[in-house]
Amino acid sequence: AARIAVLVSGRGSNLQALIDAQANGRLPGRIVVVGSNKPDCAALDRATAAGIDTFALRQRDFADREAMDAALDAELRRHSPGLVVLAGFMRILSPTMVAGWPGRMLNIHPSLLPKYPGLDTHARALAAGDSEHGASVHYVIPELDAGPVIAQVRIPVLAGDTPDALAQRLLLREHALMVAAIALVAAGDVQLTPAGIQFSGATLAAPLRL
Ligand code: GAR
C-alpha cells in the first residue's frame, strides 16, 4: 500500500475524510505522517487522535522560505512517503521543493481549475456570475495551482449564494473528490507521465468527473 504524507494548515476536514477512508478500507494506502506550517491547527489534533505521527514547523524559526522548505522536505522524507497530499495546506512551496516530488505531490483546490487559482475562489466565482463552481485535485508543479488536473467535482451556484454558503456546500463534495482521486493515484491507476496523466492505460483528455 502507498505510504501517504499529508500537509495541512487549518481545520483538516479533508484530512479527516482521508483518515476515515483509511479506517473504512477505502484508501489503498496508509497515512504515515501529517505535517503543518501551523502548530496549533485543528488538523494536527485530528491526526494525533487517529494515532498518526505529526510534525509542525513555523516560518519564524527559519532564516527564509527556502530554509523552512528544506526542513519540511527533510521531515517528510524521514517517513519515505510515495505520495504527498496537500489538504488545505495554505503555504506556497518553493519550486526547489516541488521539483523533488515529480508526479508524487497532489493538491486539492476549491475551484474548477484553470479558473481561480489562489485565494477567495468562492467569492470570485460568485462575482463572475458563474452558474457552476467546483473543486479540483491536481498534481503540484512549481507554478501555483497550475498542475495537471486529475479530477473535478461540479456543483450549481444557487440564487442567493454567499461565499460561505457556496464553500460549505462544496466542502462535502470536496471530501468525496479527495478520497476518490487519492485512491486512484495510491492504487497506481492514475500516473503522471511526460505525455500527461495516464488513467488505466490511456492519456486523460479531460479531468475525471467525480
Ligand atoms: C478546502 O476547501 C480546500 O479546498 C482549500 O482549503 C480548504 C481546507 O479545508 N484549499 C485551498 O484553498 C488550497 N489553496 P480543510 O482544512 O477543512 O480540509
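Here, each number is a calculation from the coordinates, and none is a lab measurement. Quantities reported herein were computed from a predicted structural model and do not represent experimental measurements. Cβ coordinates were reconstructed from backbone atoms using ideal geometry, including for glycine residues, and neighbour counts include every protein chain displayed.
Here are the numbers for the structure shown:
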quantity: Of Gln198, Gln16, Gln168, the one that fluctuates the most in a GNM where the chain has Cα springs shorter than 10 Å; calculated: Gln168
quantity: Computed [θ] at 222 nm, deg cm²/dmol, the chain (DSSP H ≥ 4; -39,500 (n - 2.57); rounded to nearest 500); calculated: -10000 deg cm²/dmol
quantity: Net charge dipole size for the range 1-67 [Lys, Arg +1 and Asp, Glu -1 on Cβ; Debye, nearest 20]; calculated: 160
quantity: The range 1-124, relative contact order in percent, only Cα pairs under 8 angstrom and at least six apart counted; calculated: 29
quantity: Average Cα contact separation per residue, the chain, under 8 Å, 6 or more apart, as relative contact order %; calculated: 20
quantity: Whole-Å semi-axes of the ellipsoid equivalent to the range 31-189 (Cα gyration tensor, √5λ, descending); calculated: 28, 17, 16
quantity: Glu143, Glu174, Glu75 arranged by Cβ crowding within 10 Å, fewest neighbours leading; calculated: Glu143, Glu75, Glu174
quantity: Point-charge dipole on Cβ atoms (K/R +1, D/E -1) for the range 114-165, about Cα centre, debye to 20; calculated: 120
quantity: Furthest towards positive pole of dipole, Ser9, Leu113, Pro207, structure part the chain, Cβ charges; calculated: Pro207
quantity: Lys, Arg +1 and Asp, Glu -1 on Cβ, resulting dipole of the chain about Cα centre, debye, nearest 20; calculated: 340
quantity: Cα-projected label distance for Thr48 with Thr162, points at 7 Å along beta-carbon direction, nm; calculated: 3.2
